[in-house]
1. What is the distance in Å between the Cα centroid of the stretch 1-42 and that of the stretch 133-174?
2. For the chain, what does -39500 (n - 2.57) per DSSP helix run (n ≥ 4), summed and divided by total residues, give at 222 nm, in deg cm²/dmol to the nearest 500?
3. If each of S51 and S249 carries a label point 7 Å out from its Cα toward its Cβ, how far apart are those two points in nm?
4. Output ³J(HN,Hα) for the stretch 167-176: one whole-Hz value per residue in order, computed from phi by the Karplus curve 6.51 cos²θ - 1.76 cosθ + 1.60 with θ = phi - 60°, and x for Gly and Pro.
5. Can you run phi through the Karplus equation (6.51, -1.76, 1.60; θ = phi - 60°) for the stretch 184-190 and list ³J(HN,Hα) in whole Hz, with x for Gly and Pro?
6. Suppose we keep just the DSSP beta bridges with both residues in the stretch 37-169; what percent of those would be antiparallel, to 5?
7. Determine the distance separating the Cα centre of the stretch 73-112 from the Cα centre of the stretch 187-265; give it in Å without decimals.
8. Where a ≥ b ≥ c are the square roots of the eigenvalues of the C-alpha gyration tensor, would you call the stretch 37-169 rounded, which needs a/c under 1.5, or, failing that, prolate if a/b is larger than b/c, or oblate?
Amino acid sequence: MRQKHIAILESRLGAQLAELVAQRGGVPFHAPALAEQPDLDPAHIAALVRSLEAEPATLAVFQTGVGTRALFSALDSLCLTEEFSSFLRAMTVAVRGPKPAGALRARGVRIDRSAAEPFTTREVLAAIDDLALQGARVLVQRHGAVNVELDRALEARGATVVEIPIYRWSLPQDTGRLAQLIERLERGEMHAVVLTNAEQVRNLFTVAEQLGRAEPLRAALNRTLVASIGPVASAALQRAGVAVGLESSPPKLGALLSRLEEALS
């Protein structure tokens with residue numbers, strides 16, 4: 001990785017990831033591609049909790065650690081944590097991966113079903129495949145955007161899906177770094193691009209389209225080593241016409257960096 005120029009689009013842990021790249025001898029270029037906007041309405045949360053007494057839910061699906069923690073913080077402020085937790089005790093509780101699992105365990109919530117690696121929607125659905133959901137009410141903690149695949153699969157099994165919005169993803173307020181990255185990719189100045197979320201792919205191409213540079217960006221990425229954290233990000237890249245150079249397994253930052261270092265050495 002020594003002296004290799006590596007683009008990092010991660011937002012929340014981007015600075016840490018850039019530091020790890022630098023420690024391994026790389027030259028990071030941090031261009032955050034996502035902004036998390038709060039989308040939690042306390043009145044909506046309170047109404048949802050009140051509704052559970054009259055319309056109990058059969059299943060609750062938690063998709064992210066940050067969203068789960070934000071939900072319980074909102075419940076704390078509303079003095080509804082214990083009431084919501086009591087409703088959860090009567091449901092099957094499913095988690096997408098270790099992060100929501102950790103957030104729930106910190107709150108003493110029992111976990112019944114856990115998705116296997118690589119923690120995609122497919123594994124979530126497999127973990128609850130045996131549940132009878134015809135006529136059931138299902139709570140789904142949203143993870144930045146509506147998980148259309150999950151919602152449609154649950155509805156196809158006869159469930160009524162109730163989304164719990166916590167935050168939503170958007171473009172960063174300042175997209176200047178993304179524009180600079182597009183220019184540098186076109187000039188062939190980057191050795192690798194690291195993508196840790198499917199929305200990063202969409203936002204990068206949104207900025208490129210605004211600049212009239214979508215096709216040059218696609219061509220530039222296909223001349224560059226593109227490192228994906230897992231199958232969801234890889235699928236977004238493939239839909240954008242970009243070849244995935246390497247995919248981390250398991251889908252974790254440490255494994256991704258190790259694979260990247262091996263590929264660049």
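1. Centre-to-centre (Cα) distance: 27 Å.
2. Details: 12 runs with 122 residues, N = 265.
Value at 222 nm, helices only, nearest 500: -13500 deg cm²/dmol.
3. 4.1 nm
4. 8, 10, 8, 8, 5, x, 4, 10, 9, x
5. 5, 5, 5, 7, x, 8, 10
6. 10 percent
7. What the calculation gives is 34 Å, centre to centre.
8. Numbers: a/c = 1.39, a/b = 1.22, b/c = 1.14.
Because its axes are fairly even, with a/c under 1.5, the stretch 37-169 counts as rounded.
Quick note: the coordinates plus some simple rules give every number you see, no bench work behind them. Please read all numbers here as calculations on a predicted model, not as lab measurements. Backbone-built Cβ (ideal geometry, glycine too); neighbour counts: all protein chains shown.
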